[in-house]
Amino acid sequence: MTSYEDEEYEVPLRDQRYFGAGIKRKRVPFVSSSDGSLATHAQSREPTTGEAASNAYLSIVLKRNNFKFQKIQAPSDAVATRDAQPPVCEICKLPVAGDESSQRHAASIAHQICLPHNYPPSALDRQRKGLNILQTHGWDPDQRQGLGVTGEGILHPVRAQEKPDRLGLGHGMEESSPKKANRVRPAKPQAQRLDAGKMKQLDLETRRKDKQLRDVFYRSDDVEKYLGNS
């Protein structure tokens, strides 16, 4: 019982110390008050010139002739404004106001129009053999220049048109020469009937030609080397 009572013993309320007792507080080093003679408190006065003194005297005495006084002072103001011309931007050739920052002037529409335009990259397929051949000869598709050494060729490819028939170029044109008009045209070969074996051979030949065309246009040497087919 004695050990249990010792564990539950608490200090009486009258003997408990108040909150924060025994904590040492550091002294705050306050700044000493100034005597008012600092350079920041000194009032700056502009030197008074003879012209400023005369203008102040005339403004007090000749109150009725303020219009004439302003009219006399106008030429000096014009000379001052002529001397203090704002700087001119080298890109857009427009004057930059004194209260206008460089970032604000650079964000203006007039300045942005004079900047060189950054075009997006070309949408041509980079895996095409024709494009690879042109690039090896020094043509860059992202420079927006035409074909040729001088870059004066066409910029965009010719739009393809559908040709539903199988006739060659120039078919149906009027034959002007008499030799071509009197020429005997060869007879069209008659359609041959093919059995199952010949149809199979024709199908294999068609697939072989398609594979050759795909290899010519879409085959990549790097991919073949990676797959080990070379």
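Between LEU58 and VAL28, the C-beta separation translates, for a Förster distance of 45 Å, into a calculated FRET efficiency of about 0.20.
Spin-label model, ALA160/MET199: points 7 Å from Cα along the beta carbon direction are separated by 3.0 nm.
Every number in this text was worked out from the coordinates using simple rules, so none of it is lab data. Values in this document were obtained by computation on a predicted structure and should not be read as measured data. With ideal geometry, Cβ positions are generated from the backbone for all residues, glycine too; neighbour counts draw on all protein chains shown.
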